[in-house]
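Report on the structure given below.
The values are calculated or read from the model by the stated rules, or taken from the named source; none is laboratory data. These numbers come from a predicted model, not from an experiment. Note that each Cβ is placed from the backbone with ideal geometry, even for glycine, and that neighbours are counted across all protein chains shown. Surface accessibility is based on the protein's heavy atoms, side chains included, excluding ligands, DNA and RNA. Shrake-Rupley method; radii C 1.70, N 1.55, O 1.52, S 1.80 Å.
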Amino acid sequence: MPQVQSKTRILTGITTSGTPHLGNYVGAIRPAIAASRNAGTESFYFLADYHALIKCDDPARVQRSTLEIAASWLACGLDPEKVYFYRQSDIREIPELTWILTCITAKGLLNRAHAYKAATDANREKGEDADAGVTAGLYMYPVLMAADILIFNAHKVPVGRDQVQHIEMARDIGQRFNHLYGADYFVLPEAAIEESVATLPGLDGRKMSKSYDNTIPLWLPAAALRKAILGIVTNSLGVGEAKNPDDSNIFSIYQAFASAQETAAMRQAFADGIGWGDAKQKLFERIDAELAPMREKYDALIAKPAEIEDILHAGAARARALAGPFLDKLRYAAGLRDLRASAATESKPIARSEKPALQPVVFREADAFAFKVLDAKRNVLKTQSGFADAKAAMAAAREAMATLEAA
Ligand code: TRP
């Protein structure tokens, strides 16, 4: 049943709730488009507008963001004929699979999702009800994301560190389905974190992010881009004083756009005491040289939403040609079948007396090791993070298993 695929499938989604900024360009758009040109890979890039509904209830904003993000990817050189480029909500199979997966996802798994936990922790801190203001959408977010990934049997999912847990969950959920219904229906995806890709500092020096309100929008007209760059914080060293490039936001941003040679020259200019005004002007010129031709394409695209709509429709049609037949198999596997199908009378033998065999799984998180204890149906019974090494995590897993077995 695993689909025969020779190419590595790379898939990622972009939530359509904001305006693309320089950090998105350097951290996601540019590397993804470069990767999409590799032979041997098949890329799936989509506008995650169902995910946008989780954090945004302004319809005009969801629509505008979808338009801007689609136009950005196209302006930056994504070739919609060579990749699968679509809007999540055009793929009817995704919400349908979401429900099927919901029914096999342990509620406890979702309780531990970082985004949900952060919301409930913040509520508790304020002395409010833990779930105050928390929608079921936020809670279900990881299942929708698992459906996005699993419906196309993606192998690799390029994401930021904050999303790694969601990919782990997609693996867990996919594995659970495979196990329950007795075949390798789903490829188990892996997070791909590109270490060499820069995270850009924002205007205030923290990571450029919408949540810090420190971003520089990607498609500002040149004059406004220059003005924004002049507003990046620096220290108070004057002209002629040597400056340390390695603790400078101006330098880090410059490096993300410049060649090795240009970077070396800028490093020298810092040592020679270039003034901040000059450094910022050089930074502006470097960024503008890269963006200007794409900005022209972007402005042209944005003015013709109908063309973008057509591109997305064509992308969805191609994606659904994969998702549709695959969903049919998954529906059948779960028992959503034509009543005339001969297997209607079969059912899985239920081994009631079977004692659940527990199984430890040790895995790596961003900055620590962690373990999970699974039962025979691959339910996660316990998970804990924060171990210095794999050995310590395994020892703790065994201890936890002993406790669970004794219970
Ligand atoms: N949740 C992701 C984010 O906020 C976006 C996303 C939705 C996604 N579905 C996905 C990313 C599937 C990768 C794969 O960044």
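Among the residues of the stretch 148-173, the ones that are over 18 Å from residue 114 (Cβ atoms), within 9 Å of the ligand (Cβ to nearest atom) and of a type in the set (A, V, I, L, M) come to 1 in all. Among the criteria (1) within 14 Å of the ligand (Cβ to nearest atom); (2) among the small types (Gly, Ala, Ser); (3) open to solvent by less than 10 Å² (accessible area, probe 1.4 Å), the one residue 23 does not fulfil is (3). Going by what's in this entry, would residue 170 be described as closer than 30 Å to residue 367 by Cβ, in contact with an Asp or Glu (Cβ under 9 Å, 6 or more places away or on another chain) and crowded, with 21+ Cβ neighbours inside 10 Å? Taking the combined requirement at face value, the residue satisfies it. Of the helices (runs of 4 or more DSSP H) lying entirely inside the stretch 84-144, those carrying at least 3 residues that are surrounded by fewer than 16 Cβ atoms within 10 Å (Cβ to Cβ) are 107-111, 114-125. Checked against (1) surrounded by fewer than 21 Cβ atoms within 10 Å (Cβ to Cβ); (2) within 15 Å of the ligand (Cβ to nearest atom); (3) at pLDDT 95 or above, residue 28 meets all criteria but (3). Within this structure, residue 146 fails the test of being in contact with a helix residue (DSSP H, G or I) (Cβ under 7 Å, 6 or more places away or on another chain) and more than 22 Å from residue 378 (Cα to Cα).
Could you list, in sequence order, all residues of the stretch 234-251 that are open to solvent by 70 Å² or more (accessible area, probe 1.4 Å) and over 30 Å from the mean Cα position of the chain (by Cα)?
Result: 235, 236, 239, 241, 244.
Looking at 279, 271 in this structure, which one is without any contact (Cβ under 8 Å) to a residue 60 or more places away in the chain and either within 25 Å of the chain's Cα centre (by Cα) or open to solvent by 40 Å² or more (accessible area, probe 1.4 Å) (or both)? The unique qualifying residue is 271.
Whether any residue in the stretch 346-357 is surrounded by 13 or more Cβ atoms within 10 Å (Cβ to Cβ), farther than 19 Å from residue 98 by Cβ and modelled with pLDDT under 90 is what I want to check. Walk me through it before giving the result.
Within the stretch 346-357, the first condition is being surrounded by 13 or more Cβ atoms within 10 Å (Cβ to Cβ), and the residues that meet it are 356.
Filter once more, keeping what is farther than 19 Å from residue 98 by Cβ: 356.
Okay, now just the ones that are also modelled with pLDDT under 90, so 356.
Taking every residue of the stretch 346-357 in turn, at least one turns out to be surrounded by 13 or more Cβ atoms within 10 Å (Cβ to Cβ), farther than 19 Å from residue 98 by Cβ and modelled with pLDDT under 90.
Restricting attention to the stretch 37-56, the residues that are of a type in the set (Ser, Thr, Tyr), within 15 Å of the ligand (Cβ to nearest atom) and open to solvent by 20 Å² or more (accessible area, probe 1.4 Å) total 1.
To keep it simple, each residue is scored yes or no on (1) under 15 Å from residue 20 (Cα atoms); (2) part of a helix (DSSP H, G or I); (3) open to solvent by 60 Å² or more (accessible area, probe 1.4 Å).
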| residue | (1), (2), (3) |
| --- | --- |
| 191 | no, no, no |
| 204 | no, no, yes |
| 214 | yes, no, no |
| 223 | no, yes, yes |
| 232 | no, no, no |
| 253 | no, yes, no |
| 261 | no, yes, yes |
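Does the stretch 174-181 contain any residue that is farther than 20 Å from residue 84 by Cβ, within 14 Å of the ligand (Cβ to nearest atom) and not in a strand (DSSP E or B)? No.
Just to verify a result, which residue in the stretch 64-73, among those that are out of contact with any Pro (no Cβ under 7 Å at 6 or more places or on another chain), away from the ligand (no atom under 13 Å from the Cβ) and open to solvent by less than 20 Å² (accessible area, probe 1.4 Å), is farthest from residue 147 (Cα to Cα)? Steps first, please.
Of the residues in the stretch 64-73, the ones out of contact with any Pro (no Cβ under 7 Å at 6 or more places or on another chain) are 64-66, 70-71, 73.
Within this subset, residues satisfying the condition of being away from the ligand (no atom under 13 Å from the Cβ) are 64, 66, 70-71, 73.
Filter once more, so that each one left must be open to solvent by less than 20 Å² (accessible area, probe 1.4 Å): 66, 70-71, 73.
Details: 66: 20, 70: 21, 71: 25, 73: 23 Å.
Filtering first and then ranking leaves 71.
Within the stretch 206-233, residues that are outside the structural domain of residue 278 (by TED's automatic domain parsing) have Cβ atoms under 9 Å from residues that are acidic (Asp, Glu) and not in a helix (DSSP H, G or I) in these pairs: 212/204; 213/204; 214/204, counting only partners at least 6 apart in sequence or on another chain.
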